[in-house]
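Read-outs throughout are calculated quantities, based only on the coordinates presented, and are distinct from any laboratory measurement. Since the structure is predicted, the reported quantities are computational estimates derived from the model, not experimental observations. Neighbour counts are summed over all protein chains in view; Cβ atoms, including those assigned to glycine, are modelled from backbone coordinates with ideal geometry.
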Amino acid sequence: MIADALSALSAYKKADALPSEIQPVGGAAPSGGNSFSSILEQVASDTVDQLKKAEDISRQGVQGKASPVEIATAVAGAETTLQMLTVLREKVLQAYQEVSRMSV
Amino acid sequence: MANEFNSLLDISASGLTAQTRRMRTIAENIANANTTPASPKEKPYQRQVVTFKSVIDQVDGANKVHVRGIVRDKTPFGKHFDPGNPGADKLGYVQTPNVNGLVETMDMREAQRSYEANLTVIDASRTMLMRTMDLLK
């Protein structure tokens, strides 16, 4: 699922890089730092981090080192972040397909 | 929003942990309700009480709850006539723990309700987040 999201991200990046002559209505195109793709990238890496953390805590829980409360909250947090990411991926893919289907 | 939700989870989790600790103390009290002293010089089990404190998390500035400490209940011990007990004094009285089953039951109910309240907060905030994410679908 994460691999899917990441490939969606790179697809979006490619789409972002392609139309160099098309400028957004607002004028200056967002470059680098605060662009949508970088935000998305951050969300993706945050999600991966959180999933790893949840996995670590679950592993500790199996070994009896973490309390059920810790496991449940870590997993719930990771789950919602992952869902957020998949929803965003769906939206981005949809937008990408929408643009690629556009007849010139 | 996700970060906000994560700190919310952490706050409620601190409540859950604190109530779990309280529950443990109650369990200790109930388990030791009949722990009489081994000799007349010793004291019976003294009831424990959990006190809480509010702690501001340095990372997200959230007010979390922590256990301040576990203190002993100063209520006087009970007395029970039992000359055969090794802890009995010259008159045959044994000091009994100051644990009251009814008080412990009520305390336990309160801890349970508080735990449920924290769980409900987690549930409600998750529903809010999910409904918001549904807007994107």
*Which listed pairs, of B:K43/B:K74; B:K53/B:K74; B:K41/B:K79; B:K43/B:K79; A:K52/B:K64; A:K53/B:K137, have C-alpha distances above 18 Å, in listed order*: B:K53/B:K74; A:K52/B:K64; A:K53/B:K137
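To the nearest 0.05, what FRET efficiency results for B:M106 and A:K91 with a Förster distance of 35 Å applied to their C-beta separation?
E between B:M106 and A:K91, to the nearest 0.05, is 0.10.
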*For chain B, set up a Gaussian network in which alpha carbons nearer than 10 Å are linked by springs, and say which option among B:L119, B:L16, B:L91 fluctuates the most.*
B:L91
_Percent of Cα pairs exceeding the 13 Å cut-off, where the set is the range B:6-61_ = 69 percent
_For the range A:60-72, 3J(HN,Hα) per residue [Karplus equation, 6.51 cos²θ - 1.76 cosθ + 1.60, θ = phi - 60°, Hz, x = Gly/Pro]_ = 4, x, 4, 7, x, 9, 10, 7, x, 4, 4, 4, 4
*Can you run phi through the Karplus equation (6.51, -1.76, 1.60; θ = phi - 60°) for the range B:39-56 and list ³J(HN,Hα) in whole Hz, with x for Gly and Pro?*
9, x, 6, 7, 9, x, 4, 9, 4, 9, 10, 8, 10, 10, 9, 8, 10, 8
*Non-local amide H neighbours of B:K64 (under 5 Å, H modeled in plane, Pro and chain starts lacking H): which ones?*
B:V55, B:I56, B:D57
*Of B:V50, B:V67, B:V103, which has the largest mean-square fluctuation in a 10 Å C-alpha GNM of chain B?*
B:V103
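GluC sites (Glu not before Pro), restricted to the range B:29-123: which are DSSP loop and have at most 14 other Cβ atoms within 10 Å? It would help to have the intermediate numbers written out before the result.
On the way: sites: B:E42, B:E104, B:E110, B:E116; in loops: B:E42.
Sparse-neighbourhood loop GluC sites (Glu not before Pro): B:E42.
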*Quote the FRET efficiency, to the nearest 0.05, computed for A:S10 versus B:L119 with a Förster distance R0 of 30 Å and r equal to the Cβ-Cβ distance.*
0.15
*Calculate the mean, over all residues of peptide A:60-72, of how many other protein chain Cβ atoms lie within 10 angstrom of the residue's Cβ.*
2
_log₁₀ of I(q)/I(0) at q = 0.12, 0.15, 0.17 Å⁻¹ - the range B:1-98, Debye sum with one point per alpha carbon_ = -0.55, -0.68, -0.77
*May I ask for the Rg/Rh ratio of the protein assembly as shown, computed from Cα atoms with Rh as the Kirkwood radius, given to two decimals?*
1.25
*B:V71 to B:L91: FRET efficiency via 1/(1 + (r/R0)^6), r the Cβ-Cβ distance, R0 25 Å, to the nearest 0.05?*
0.20
*Specify the residue with the greatest mean-square fluctuation among B:A88, B:A33, B:A18, computed from a Gaussian network of chain B linking alpha-carbon atoms under 10 Å apart.*
B:A88
*Over the whole of B:112-122, what's the average partner chain Cβ count within 10 Å per residue? Rounded to a whole number, please.*
1
